[in-house]
Each structure stands twice: as structure tokens, then as C-alpha cells.
Amino acid sequence: MKEYLILFAQAHPNFRQAELESLASINKISVDLSHHDETKPFLKISLNNDDEAKQLISRSILTRAIYELWAEGTTYEELHEQIKENCQDYIEIYSHCSFKFQFEGYKGKQTNSSKVKTIESFKYLDFKGKIDLKNADETFTVLEDYEVIQEGKSKKPIYIWFGRQVELSERTKNNLVEVFDLKKRGYIGTTSFEAELSLVTCNLAQVQKGSIVYDPFAGTGSFMVTAAYFGGVAIGSDIDVRMLNGKNGPQNIKTNFKDYGLYSQFLDILTMDFTHNALRDDFVIDTIVCDPPYGVREGLRVLGAKDEEKAAGREHNIVEGEIAHLRRDFVAPKKPYELSDMLHDLLEFASKRLPIGGRLAFWMPTADDDFNDTIIPQHQNLKLNFNLVQNFNKWSRRLLVYIKMDESYIGETTDGLKELNIKNFRERYFKKFSEQSR
Ligand SMILES: C[S@@+](CC[C@H](N)C(=O)[O-])C[C@H]1O[C@@H](n2cnc3c(N)ncnc32)[C@H](O)[C@@H]1O
């Protein structure tokens, strides 16, 4: 085993470990990540080889890079001692490669002139290859963790690592979070899901090349495009045809796929009430990724009439000689529905339609003062793999990721979600969570 150092992006620290666990599991890599400290962007791990290091972080969104760790310490003296003592083999291997030095600092950084001095202190490495700032064969990196001290005072790193860069993540290499930024996307709506966490969701859902990914509440298709980026073949449905086709102008989900050069990964979009799902029973769905309607920015409705009796009376309505509800232009009545019921339906659907090992990932809102563990929906055939929270002011949303298990697994079931406070989310959201929960 060799030691590696992961450098994380400064975003969503509580999602980092889960993302890496998920990517390790896709690539069948055994790695201990349990000592990750969310307050720091550095994590030292052990892996068998560089290939594992590359696989582990290459498609990750919350890491920036991984380094083969040569030495570490609280001072440069300690660092240099270790390199001289333990790294002769490494130095030999890279002695004739073109190379460059690079610095990464957390809560502080060196000035350009002090960087030059630091680089000079590594002179004993005696690399013979040429220095190449653009296309170096190898990049040697100094990573520094600075102490937070008073403004204006000179800073000193409290810990230093030195290593060889093995891989940059997709985030760094392809600038993915920027590329999928909603501000740059042709078609978006009020419910479009932000780029960074859409990409992370697809990693936690283990979207794989060629797998069928279904978003039952597709809206403007945020998860469809990010799933497609990771090689998924995306299909979406939504009760609101205007969402799928675009409300104003020519831009819509399909044009987004074309803009991103991902149209080959677009399977289809369907106008459909999820609770009256028309997808064939034998249609294979590998992964389900979605953001169900909270009933806040969008309606949470299903097909059906509020007043059944009244609707029954209209069953025989005739328009231009035809039974009204059989005409192509018939707009079916819709009635309100509860989020808790919709989540129950979603888990039931996933338990029937996913293959063993298939994943369901969705976001669920909760008012912070209402939350207790029993609110998490559970299904006996689905194992809850991740439950990660993103906090807003007075409310949060949780990313829940489940794995479809085989018959031998009998997990927890939550019935009676209706009785829980999730029911009141919409009402409390508009009252800005000012009242105590009931
Ligand atoms: C939170 S939004 C999802 C937004 C989407 N992730 C996006 O990127 O735009 C929820 C969506 O669920 C849809 N919806 C509401 N009730 C539905 C139902 N019964 N069946 C299917 N879709 C429904 C809404 O029209 C809305 O587009």
C-alpha cells in the first residue's frame, strides 16, 4: 500500500466522504475514509497504486486532486529530512522527467518571492529533467495548511505536505461546475437544480456509462443532463408539459442536451403523472435520480378530481359530438397530493423497478425544528445508504440515497409518514417556520 493525499474543493464538506465512498464502490476500491475531518480540505489515505488513485477521484466533484505523498511535517526541516530519508526510490524514478513545482495553500499562501525560496530549498532532489511550466511530465506540489491568526499578521503554515500530482478531478480538469452552471444554461426554470449538487447526486447514485437513468419529476431536466455527462442514458417525465418543452421560446430540455454536446445520451421525455406511471413494467431502469415537488415553487398535483361526485357528472360531457375526455385536447383535472404520499409512491416504484444494487437518489425538504430520524422514508427492500443534509435558514434539504437489495434483505419500513410533520412543510415554509411544529 502507498500513501496518497487528497485535496478537496471548498464546498459541501459533509458530502465529501459519501462521494468518495460511492466512487470507491463503483471502482471496487477498498479504502478507509473514516478519518476525514470536514474542517480541513486534506485527507491522507492508503491505496494499492496510482490507478486506484486516478479511478477514485477522476469523476469526483468535491475533490480537486490526488497526490502521491512523499513527506509531511509541521516544518520544512522535518519535510526535507523525511524526503531525504525515505524518498530515494521516488527521486530516482523522476530524475529525468520534465517537471514543475506548484503550491496549494489553505487559509494562507506564500508570496511569489517566498515560493522561489521554498523551491530552492528542494535543490537536493537534483532533478535533471527540464522545468516545463506548461506541459510538465510531473507536477510536484507543496500543500500548506495555515493557522488562522489576526488580520495583517504574517502567517506561517502549521502543516506541510509534499507530493507528486497523480490526477486532477473532473471538477478541476474540465471546470465542470462552471460548465453546468445554471447561469450559463440555455433553458432553466425556477425549480432547476444547481449544477454542483446535481453532479454530486449523480455520483452518489452511481450513474454509469450506458445505464438508464430516470428522473420522474424532470422539470427542466437538471439531473438528466448531469447524468448524461457521466454516461447515463437519460429519460424524464413530468406532469407539466410546459416544463419539459419550454415555456417561452425555442429553448427546452432537448436544446440543453444539444448545447452540452450530450444529445446522444438523451432517451426521451414524457408528460406523465408519476402516480399513474405508463412506463412498461419490463422497461429497465438502472438508476432513479430526482428532486420531487415540495409543493413550494411548483404544484404537487396528481391526476384526479377534487370533487369526485361533480367530476362523475361531467363524464358524459359531449364536445363537438365527441365524449369530452376522449378528445386529444382534453385537459385532465388534477387534484392536490401530499409529499409524504408521493415519497411513499417513489420508494414503492423504485423497489419494484430497480435491479438489485440499483440506486434511488432524491432530495427531501425538512423544517429543522421538525426533524427526527423517523421522518426518513424507508422501504423494506431498499437500504438507506446516504442521508446527507444541506442547511438553509430554518429549513434543510436532505439527499437520500437507497440501494435496492436482494430478497434476503428485510429492512425497516416507515408507514404512516402522513402523521409526521413532513406534511406541513409547504404551510410552514410560507410562514417562514415561525410557528412551533405541531
Ligand atoms: C422540484 S421540481 C423538479 C425540478 C427539476 N429537478 C429541474 O431541474 O427543473 C418538481 C417537478 O415535479 C413536477 N410534478 C409535480 N407533480 C407531479 C406528478 N404528479 N408527476 C410528475 N411530475 C410532477 C413539477 O411539475 C415539477 O416540475
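The values are calculated or read from the model by the stated rules, or taken from the named source; none is laboratory data. All figures in this text were calculated on a predicted structure; none of them were measured in a lab. Cβ coordinates were reconstructed from backbone atoms using ideal geometry, including for glycine residues, and neighbour counts include every protein chain displayed. Just so you know, the surface numbers come from the protein's heavy atoms only, side chains and all, with ligands and any DNA or RNA stripped out. Shrake-Rupley method; radii C 1.70, N 1.55, O 1.52, S 1.80 Å.
Tabulated data for the structure shown
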| read-out | value |
| --- | --- |
| Hits in the stretch 159-204 (condition: modelled with pLDDT of 95 or more, farther than 25 Å from K54 by Cβ and of a type outside the set (F, W, Y)) | D181, L182, K183, K184, R185, G186, I188, S192, E194 |
| Pairs with Cβ under 8 Å, 6+ apart, first in the stretch 178-204 and assigned to a helix (DSSP H, G or I), second open to solvent by 30 Å² or more (accessible area, probe 1.4 Å) and basic (K, R) | E178/K184; N203/R59 |
| When residues of the stretch 135-153 are limited to those that are closer than 19 Å to E104 by Cβ and surrounded by fewer than 13 Cβ atoms within 10 Å (Cβ to Cβ), the one modelled with the highest pLDDT | E147 |
| Residue selected from the stretch 205-221 under the condition among the hydroxyl-bearing types (S, T, Y) and touching a residue at least 40 places away in the same chain (Cβ under 8 Å), by the criterion nearest to D268 (Cα to Cα) | Y214 |
| Per-region count, the stretch 8-30, residues touching a Phe, Trp or Tyr at 6+ places or on another chain (Cβ under 7 Å) and open to solvent by 10 Å² or more (accessible area, probe 1.4 Å) | 0 |
| Test: residue in the stretch 44-58 that is over 22 Å from D145 (Cβ atoms), more than 32 Å from the chain's Cα centre (by Cα) and among the basic types (K, R) | no |
| Candidates G231, G249, filtered to the one that is at pLDDT below 95, small (G, A, S) and more than 26 Å from M342 (Cβ to Cβ) | G249 |
| Per-region count, the stretch 176-210, residues open to solvent by 20 Å² or more (accessible area, probe 1.4 Å) and more than 10 Å from the ligand (Cβ to nearest atom) | 12 |
| Per-region count, the stretch 261-291, residues near the ligand (Cβ under 7 Å from one of its atoms), buried (at least 20 other Cβ atoms within 10 Å of the Cβ) and part of a loop (DSSP other than H, G, I, E, B) | 1 |
| Those residues of the stretch 226-252 which are out of contact with any Leu (no Cβ under 6 Å at 6 or more places or on another chain) and near the ligand (Cβ under 9 Å from one of its atoms), in sequence order | G236, I239, D240, R242, M243, L244 |
| Residues located in the stretch 365-393, provided they are assigned to a strand (DSSP E or B) and modelled with pLDDT under 90 | P365, T366, A367 |
| Qualifying residue in the stretch 297-306 (condition: open to solvent by 60 Å² or more (accessible area, probe 1.4 Å) and not in a strand (DSSP E or B)) | yes |
| Residues (open to solvent by 70 Å² or more (accessible area, probe 1.4 Å) and under 45 Å from the mean Cα position of the chain (by Cα)) located in the stretch 311-328 | H325, L326, R328 |
| Qualifying residue in the stretch 331-350 (condition: more than 9 Å from the ligand (Cβ to nearest atom), without any contact (Cβ under 8 Å) to a residue 12 or more places away in the chain and not basic (K, R)) | yes |
| Output for the stretch 239-259, where each listed residue is touching a residue at least 40 places away in the same chain (Cβ under 8 Å) and in a loop (DSSP other than H, G, I, E, B) | I239, D240, G246, K247, Q251, N252 |
| Selection from the stretch 211-221 of residues that are open to solvent by less than 10 Å² (accessible area, probe 1.4 Å) and either part of a loop (DSSP other than H, G, I, E, B) or not β-branched (V, I, T) (or both) | Y214, D215, P216, A218, G219, T220, G221 |
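Each row is one residue, and each column tells you yes or no for (1) surrounded by 18 or more Cβ atoms within 10 Å (Cβ to Cβ); (2) part of a helix (DSSP H, G or I).
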| site | (1), (2) |
| --- | --- |
| T39 | no, no |
| E52 | yes, yes |
| I61 | yes, no |
| R64 | yes, no |
| C97 | no, no |
